[in-house]
Structure formats: C-alpha cells, structure tokens
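> A single structure is presented below for examination.
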Amino acid sequence: RAAAEHTDPEAVVIDEERSTVYLADPAMSLDVGAIAKGYAAQRVCDSARARGVESLLLSVGGNVCAIGSRLGADDPWPVGVENPFPGEGGYLHTLRIAGQNLVTSGSYQRNFTSLKGEFYHHLLKPNTGYPANNTLRSVTIICEDGTMADCLSTAMFVLGESQALSYWRSYGGFEMVLITDDN
C-alpha cells in the first residue's frame, strides 16, 4: 500500500537532450521490465537489417522478432505460443510472422503461491501494486515494433479481457491473442 502511493507517472522526468531519466519522488524506483526485452530485440533486429540481413528469427525470452520470412521459403516464420495452463506444457498454438514482432505476457510466468494458498504473479496493476486479477492467462501481441509489442502485451494483460478488446477496437495497429481461464 505504501509503495502504491509512489507510482505517479508525472514523477518520471525524461530529459531527451541529455538522455537521462530522473525520478522526482525519492521513494520511487523505476523497473523497465515491461519493455526491456522488446526494446533489446528490436535494436538487434534493426542492427541486423542495417547490415543487410534479409531473413532472421530472434527469440529473447518470450519476445520474438522476425526479419522477412524463412530463408529459402516464401512462408512466414512459425512461432509457438506457450500453453499457459499449469502441468499441460507444450504449445497451445502456433502463429506465423514475417517482418513483425511477437510478444507474450502471462500470469503463468514468474509467479508463486503463498503459504496461505494465494496466487501471485508479476503483472501488477499500477493503482494497487497487486497482480492483475482477471480472467486472462496470457496475451500475445503481434506488431511491427518490438518495444510497442512488449508494452502492449503487459498493458493488455493488466487491463483485462474486455478493456483490452475495447482498446484494440479503438486504436488497432496490432494483432492480439487473448487466452482466458476457460481457454
């Protein structure tokens, strides 16, 4: 509860000229985990494109960047999306991408159950500091920018099914797969 009082986005001061970030609230800390892998994957793919790479599939722990399609093939890269249901393992489905990024966020990753049997995961609601408690198990985003895909996968998960669909219908610009508790 105390930490939730220190989540004001206005306290994050970005100085583009100096390429620095300052936190106006000394009790606040900044965790870029919701975008870091997507940003890193995007930078690697941008660098590869600049060097003339025409076919590449890069996976950085749930963040996938595809340049072109499979070498020697005219079809997109197949990317398996992990099954988010405990004990079932494997892939729930396979999506195909070419020249796009695919990012999945889910409650089945980085979680624990307390001694009291309460389930906690790493996708937190900013207004409470507690895990987003909704019907979603995972959110997969496909779009051209890896950083944006990473941001959107986390944000859509936290919003929940109905708000995520509403956001997608209003703004678009990406594809989305929502896996709910009832599959």
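> What value in Å³ per residue do you get for the convex hull of the alpha-carbon atoms in segment 94-183?
107
> Then there is this: Can you put D74, D145, D25 in order of accessible area, largest first, using a 1.4 Å probe?
Ranked list, largest accessible area first: D74, D145, D25.
> I would also like to ask the following. Computed from these coordinates, which is Cα Rg over 2.2 N^0.38 Å: (i) 1.12; (ii) 0.92; (iii) 0.99?
Comparing each candidate, only (i) matches the computed number.
> What does the helix-only formula give at 222 nm for the chain: each DSSP H stretch with n ≥ 4 adding -39500 (n - 2.57), the total divided by the residues, and the result rounded to the nearest 500 deg cm²/dmol?
That comes out to -7000 deg cm²/dmol.
> A further question on this structure: Any idea how far the Cα center of segment 1-79 sits from the one of segment 154-183, in Å?
One Cα centre to the other: 20 Å.
> Find the relative contact order for segment 55-183 and round it to a whole percent, using C-alpha pairs within less than 8 Å whose residues are 6+ positions apart.
Computed value for segment 55-183: 20 percent relative contact order.
> Using heavy-atom solvent-accessible surface (probe 1.4 Å) with all chains present, what is the largest-first order of K116, K125?
Largest accessible area first, the residues go K116, K125.
> To continue, here is another question. Leaving out ligands, DNA and RNA, and with a 1.4 Å probe, what % of the accessible surface on the chain is carbon or sulfur?
Roughly 52 percent, rounded to a whole number.
> Just the number please: accessible area per residue for segment 1-54, 1.4 Å probe, all protein chains included, in Å². Provide the component values of the computation, followed by the final result.
On the way: 4330 Å² over 54 residues.
It amounts to 80 Å² per residue over segment 1-54.
The values are calculated or read from the model by the stated rules, or taken from the named source; none is laboratory data. None of the values given here were measured: they were computed from a predicted structure. These accessible areas exclude ligands, DNA and RNA; they are computed on the full protein's heavy atoms, side chains included. Shrake-Rupley method; radii C 1.70, N 1.55, O 1.52, S 1.80 Å.
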